Structures are given as structure tokens and as C-alpha cells.
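**Student:** Please find one structure pasted underneath; my questions will follow.
Each value in this text was obtained by applying a stated rule to the coordinates, not by laboratory testing. The structure displayed is predicted, hence computed values, not measured ones. Please note: Cβ atoms are built from the backbone with ideal geometry, for glycine as well, and neighbour counts cover all protein chains shown.
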Amino acid sequence: MKRLALATVLLLTACGTAPTTPPATTVSAAVKASGTHNDTDTMYLQMMIAHHEQGLEMVRLAEDKATRPDLKTLAAAVDATQSDEDTLMKTWLTDWQEPTTVDHAPTTHADHGGLPATGPEEIAALKKAKGKDFETAFLNLFVAHQHNAVEMATLETTDGTNEEAKSLATRIRQSRTDQIQQMLTMLNS
Amino acid sequence: MRRSVAYPLVALGAIGSTLAVASPALAHGYVSAPPSRQALCASGAVKDCGQIQFEPQSVEGVKGLKSCDGGVSQFSILADESRNWPAKSVGTNVTFTWVMTARHRTADWQYFIDGKKVATVNGNNQQPDAVVTHNIDLSAFPGKQTVLAVWNIGDTANAFYSCIDLNVGGGSAPAPTPSAAAPTSAAPTSAAPTSAAPTSAAPAPATSSAAPVSSSSSWAPGVSYKTGDKVKYEGKTYECRQSHTSLSSWEPSIYTLALWLPL
């Protein structure tokens, strides 16, 4: 509610000086993370940016190569929402004067003895796959990819302090869990 | 036996460097197809599963167990035979697909039916691919079977467990088991009681659960929205700008302006 109120105030202020300012059409224009943040917030956003960009690469392959309409639609919707979230997270980090990249993001899990699901080799293999094999390969790999997003979200909601970043993590956990649900259904239908 | 079509092994050099610092595993993995019991829970094909629906990859227990729940009490539903788990009709040569969310070096994969080992696939103590497939010959086990698939981790004492209910020799296309009752067509969004729905051989496709949209109806999850559709949500009207099947947390808001614009 606080965020909405703030956005309204900003819009009203903008209207006062420039009556033609349109309403926000991207989340990054609508939501600011102005409260305090800690190292977990920063690391989470940096890791998620790297994770999102791998994900965007994968769904854009699916938009291009998949043939089943339900999969193409899901890929396009993930592209739209994750592109917006990617910009949002970069805007927050820039506002916090933190870098938007992190050296070891994709291999953070490796510190615990295992790599996460998606690496450059997996994306390269996906690029080579064709037809029905591509759809099956994409669905399994993207299920694993979004499981990783759920795991990272839990890290943020447990140890983060910034309210907007934690709220984003909660939304990511919910939407990715439901995406996994849709994809497992497609995989076995 | 092992078929690694799409995913190459990662560079061995990278694996070696993590060996010395191997710490308690956050390894995760499960069988996605044919759907394991935890996959059926995560897809919503089987309802009221509890926490496992959010983390199907986490059925981890010590090695050597023969239980579908890996001995994890909060996942005990996976070993509950009274749930009458739906059996997927398959041929006699079955391709099992594992989804790995953390790719730990692997001792081996084992497959059991009724406590008897059916197949072992050596992992060579190497890092698996993100998606691993195994072709297993089940021609000696026709009919309805529960396969226990085990992923034995190479550098910990633990394993990951998935049970897959099959109708072996029932054909490769989704079909009801011959001896079972008529399949239900209950869509994932309908509130199926715990005793219903499992006679269906396969979960309903996602698209079949997506109801058509009447003009300016209230937003709901699990609905197929098309660009230009209008919905009401919390007193405001929104227009869809990107076709999608709605999810929880994809409701119209300032967070989902990529999908919905306020009118």
C-alpha cells in the first residue's frame, strides 16, 4: 500500500508539472526500493540478474523453436515479465550504488558441492536441439532453472532486509512454482 | 544404457576443483517424466500433497532405503499407497528423465521394482548433466508397477528417491489402465477429493484447464488470457497486453505491467 501511495504521489507531482506524463507501463518505473538493504539483498539481486538473463536466453529460444502453442505462449509471457524484472533489479542496484553483476553468480551453488542446473553448456546444447526434442529438453531444463530461482528466493526472504526486494522474491517464488506446475503438466501431457 | 543426448558433461577440471571443499550437499533432483509422485504433486495432478509440491527435488535420505519418501516424514505422502497414484501407460522400454537442480558427482542411479533391482546406471563419480535420461528395459515387468528410482550421490552418504507409477506395456500414449475405472477428466484447477482423479493415466494438459474468458470478468489464476482481454481486479479494470495462462502472483498490479495495463 505504501508503494502504491508513493507511486500515486509521484504521478500526481508529475502531472502538476507535465500534464502529458503517461502512467507507468513498466514495473521499474513504478516500484522503487528506497529503504535500507543488506548484503543478502545486494547478492540476491545480482545473482537473480545473472539467472534471469540465462532464463531470457532460454525462453527466447523457445519462442523461436517450439511449435506447441501453450509452450510458446508461456515462453513469451516469461520473456515479458522477466525482462521487466531484470530492468527493475538493475535499477534498484544502481539506486543503491551497487554493481549489477557478480563474478561467480552462476556457480554459487558449487561452493556447496554442486553446480546449479543451468550453465553455458546446457544453453549451447539447447540451441542445437530441434523439434520435439527441443521442447522436451527445454521443459526439463527450464523446470530445473526455475527450481533454482525458487531456492534463491528463499535465501532472500530469510536473510534479506529490504522490503521491496523481499516482496519481489516472494512473487518470484510464487510465479516460478506455478510455471513449474504448468511445465510439468506439458511435459507429461 | 545411459543416453545423454542433449547435455554434455561439464568440464572435468571444474569438478576436480570442488572436490577438496565438498560440504554437506544441497543436491536436488527428481524424475520429471514419466511423472514421479513428487512431479504429480508439483504439477497439481495430485492434490493436497503438502510441502513436497513446492520442492519435488528434495526427497533426500541416506543411501540404501527402499521407500518412496526417502524416510522424510514431512514427505510421507509419497509412500502413502492409499492415495492410489495414477499410473502412466508406457511401452516396455521406458525413458526416465531426471531433472537435477544441483548437479552433484554421482555414484550411480538404481531402479527397483518390488525391492528387486532392475537396473543400475554408473555415474562414474562424475558431475551429471542438468537433465539425465536413462532407457530402462521393463519388458519383464508387465502391468501396473511402482518403480523406485534412486540417485546415489558420489560425495555424500545420501541419495535422492523418486517413485514412478507405470502401466508397463500399456502403450506409449496416455491411456487409462485397462483394469482401472474410467479416467476422470478432472482439470488441475478443480477441487478433487483425495480419493478421486488418480485413475487418469496422465495429468490433464495445461491448456485444458484454461477456461475461456468472458468480457471483463474477474481475474483468476489458471485462465488463458489473450492480448486485448479485459479483467476486473480489486475494483479496477485491466487490459491484457501479453497472452499468457495466469499464475499466482501474475495478477494485475504494478509488478505485472508487462502483462496487464490499467485502463
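**Student:** Find the all-direction average of the projected area of the Cα convex hull for segment B:81-176, expressing the result in square nanometres with one decimal place.
**Tutor:** Value for segment B:81-176: 6.6 nm².
**Student:** Further question: For segment B:126-137, take each phi angle, set θ = phi - 60°, evaluate the Karplus expression 6.51 cos²θ - 1.76 cosθ + 1.60, and give the result in whole Hz per residue in order, putting x for glycine and proline.
**Tutor:** Couplings: 10, 6, x, 6, 5, 10, 10, 10, 10, 8, 10, 7 Hz.
**Student:** Here is a further query. At A:Thr100 and B:Asp108, where each label point lies 7 Å from the Cα along Cα→Cβ, what is the point-to-point distance in nanometres?
**Tutor:** Result: 5.0 nm between the two label points.
**Student:** Right, here's the next one. For segment B:110-165, what is the convex hull volume of its Cα atoms per residue in Å³?
**Tutor:** In segment B:110-165, the Cα convex hull volume per residue is 93 Å³.
**Student:** What ³J(HN,Hα) values, in whole Hz, does the Karplus curve 6.51 cos²θ - 1.76 cosθ + 1.60 give for segment B:227-243 when θ = phi - 60°, with x put for Gly and Pro?
**Tutor:** Going residue by residue, I get 3, x, 4, 10, 9, 9, 8, 6, x, 10, 9, 10, 10, 6, 10, 8, 4 Hz, with x marking Gly and Pro.
**Student:** Taking the Cβ of B:Ala140 as the centre, find all other residues whose Cβ is under 12 Å away and add up their charges (Lys, Arg: +1; Asp, Glu: -1).
**Tutor:** -1
**Student:** What does the charge add up to near A:His145, with Lys and Arg as +1, Asp and Glu as -1, over the other residues with Cβ less than 12 Å from its Cβ?
**Tutor:** Residues near A:His145 contribute -3 overall.
**Student:** When we measure straight from the Cα of B:Lys63, which lysines land under 25 angstrom away, once same-chain ones fewer than 8 places off are left out?
**Tutor:** B:Lys116, B:Lys117
**Student:** Oh, and also: What lysines sit close enough to A:Lys32 to cross-link, taking a C-alpha to C-alpha distance under 22 Å and skipping anything fewer than 8 places away on the same chain?
**Tutor:** Excluding near neighbours in sequence, the set is A:Lys2, A:Lys90, A:Lys166.
**Student:** Please give the average number of partner chain Cβ atoms lying within 10 Å of the Cβ of each residue in B:148-156, rounded to a whole number.
**Tutor:** Average per residue, whole number: 1.
**Student:** For A:146-155, what's the mean count of beta carbons from other chains sitting within 10 Å of each residue's beta carbon?
**Tutor:** 3
**Student:** Mind listing the phi-derived Karplus ³J(HN,Hα) values for segment B:47-63, rounded to whole Hz, using 6.51, -1.76 and 1.60 with θ = phi - 60°, and x for any glycine or proline?
**Tutor:** Calculated HN-Hα couplings, in order: 8, 6, 8, x, 4, 4, 5, 8, 9, x, 7, 9, 7, 10, x, 5, 5 Hz.
**Student:** Something else: Report, as a whole number in µm² per second, the diffusion coefficient that Stokes-Einstein gives for segment B:210-262 at 20 °C and 1.002 mPa s using the Kirkwood radius over alpha carbon pairs.
**Tutor:** The Stokes-Einstein estimate is 204 µm²/s.
**Student:** Count, for each residue of A:128-138, the Cβ atoms from other chains sitting within 10 Å of its Cβ, then give me the mean as a whole number.
**Tutor:** Mean shielding count: 2.
**Student:** What lysines sit close enough to B:Lys230 to cross-link, taking a C-alpha to C-alpha distance under 25 Å and skipping anything fewer than 8 places away on the same chain?
**Tutor:** A:Lys72
**Student:** Sticking with this one: When all C-alpha to C-alpha distances in segment B:36-97 are sorted into bins of 10 Å, what percent of pairs does each bin hold, rounded to whole numbers?
**Tutor:** 21, 50, 27, 1
**Student:** Find out how many positive minus negative residues lie around A:His52, taking Lys and Arg as positive, Asp and Glu as negative, among other residues whose Cβ is under 13 Å from that of A:His52.
**Tutor:** -3
**Student:** Right, another one. Whose amide H sits under 5 Å from the amide H of B:Ala102, counting only residues 5 or more places off or on another chain, with H placed in the peptide plane?
**Tutor:** Here B:His28 satisfy the definition.
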